[in-house]
1. Using the Karplus curve 6.51 cos²θ - 1.76 cosθ + 1.60 with θ = phi - 60°, work out ³J(HN,Hα) for each residue of region 278-293 in order, rounded to whole Hz, and write x for Gly and Pro.
2. How compact is the chain by the rule of thumb for globular proteins, expressed as Cα Rg over 2.2 N^0.38 Å?
3. Can you give the accessible area per residue of the chain, in Å², using a 1.4 Å probe?
4. Select from P303, P377, P270 the residue whose mean-square fluctuation is largest in a Gaussian network model of the chain (Cα-Cα springs shorter than 10 Å).
5. Note the angle between two axes, namely the Cα long axis of helix 116-133 and the longest principal axis of the Cα atoms of the chain, as a number of degrees from 0 to 90, rounded to the nearest 10.
6. Test of understanding: what is the full-extension gain from Y417 to V38, defined as 0.36 nm times their sequence separation minus their Cα-Cα distance?
7. Might you report the magnitude of the Cβ-based charge dipole of region 170-242 about its Cα centre, with Lys and Arg at +1 and Asp and Glu at -1, to the nearest 20 debye?
8. Got a sec? What order do E395, E208, E134 fall in by accessible area at 1.4 Å, biggest, i.e. largest, first?
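The values are calculated or read from the model by the stated rules, or taken from the named source; none is laboratory data. Small disclaimer: the values here were computed from a predicted structure and weren't measured. Cβ placement follows ideal geometry from the backbone for every residue including glycine, while neighbour counts extend to all protein chains displayed. In case anyone asks, the SASA skips ligands and DNA or RNA and just uses the protein heavy atoms, side chains included. Shrake-Rupley method; radii C 1.70, N 1.55, O 1.52, S 1.80 Å.
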Amino acid sequence: MALQAGLVLVLVFIIMLVLSVPISVSIVISSMAAILTVLPMDMAIFTASQKVVTGLDSFTLLAVPFFILSGILMNNGGIAERLINFGKILVGRMPGSLAHTNVIGNMLFGSLSGSSVAAAAAIGGVMGPLQKKEGYDPKFSAAVNIASAPTGLIIPPSGVLIIYSLVSGGTSVAALFIAGYLPGILWGLACIIVGFIIAKRRNYPVSERVPFKVAVKTFLDAIPSLMLIVIVIGGILGGIFTATEAAAVAVAYTFLLAMAYRAVKFSDLPKIIMEAVQITSVIMLLVAASSVMSWVMAFTGIPTAISEFIMGISDNPIIILLIINLFLLFIGTFMDITPAVLIFTPIFLPIVTAFGMDPIHFGIMLVLNLSIGNITPPVGSALFVGASIANLDLEDVIKPMLPFYAAIIVVLLLVTYIPQISMFLPKLAGY
């Protein structure tokens, strides 16, 4: 039954994608085609309809639209420039300092906005012209911006980690949030190291020394933006509010900050809210559709069959994790991170927990892996946006991206095989 249903599910899903059918619709159609091989149509439709409703009936999911709205307010709130100036203070005296500032800016702005695309557009749009003026190769500048853009998907607060928490059966959102810090910072450091080596070879300039008073002022200007991270993560860890309540607090704080900077007016709110509603609708439809697919896979025994197949290849956790990583890297090249998390968490989580891998550790590995798909062809959204912002063709940035890809893969392997990178902070916090 599992083999028959699995073949139908995969074949129909691939056909739908090739025909450019929206992925949420593809998930539902392929799931229904698979379940109809073992259940009558009336029972299949009735149960699938129930799963659509129950899949969205979650208090945790309320955090998603709030964080999306907070991110959009951030994008419109004049915050990117302040974070860039703060980044210059941190790395201004290193060779290729503007490239490193780009990385720091993406790490900070990406984590606050929760979007690799927003980070690539906002930070890259400011840093690209500055780097070109200082004699940087535009292709190198674009590669730095693109490579570091997805760090915000791992560094909290992260909407993708909330989705993983839901689909993994209630893994602590707070634990996932703080677990994402070290891997996200490692990704950023890897980009800085590669950028440093290239900048050193090409003799890119070092920024002028910033006077102490200016540095202090720049730091103070950035504090209100940085406080969002302190408020959200500190509030969750301190038990002041849940992750969902923290998301609502983030919206209120970001709105007040944007108003204080005079970057957002009340008249802008309908447009901003409509944008948040549109993005949220897409995500919620994916969650609902994936609930149907998860039920179909569980009912037909597909995850168990896949688990037995992988375990039949090897019972060595190192080999199993390598196989899973290679598969996810392939999937990430053509599937967006949200549906990939929704579809493949129920398949792979039972496999890794069977040999003792913590769900928190797996969640970070999964999200980090799939985040790479944001910057790889053929459908990497941050890759396309970063190239577009730099006024370059896609072919122009692929070659400069290669050393960054290599460094990021090294980070993925470190996170995969050294659990302490992900688990140190959660265990320190008592999770």
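1. 5, 5, 4, 4, 4, 5, 5, 5, 5, 4, 4, 5, 5, 5, 5, 5
2. That ratio works out to 0.99.
3. On a per-residue basis, the chain sits at 43 Å².
4. Among P303, P377, P270, the largest GNM mean-square fluctuation belongs to P270.
5. Approximately 30 degrees, to the nearest 10.
6. Here the answer is 132.5 nm.
7. Magnitude of the dipole: close to 400 debye.
8. Result of the area sort, largest leading: E208, E395, E134.
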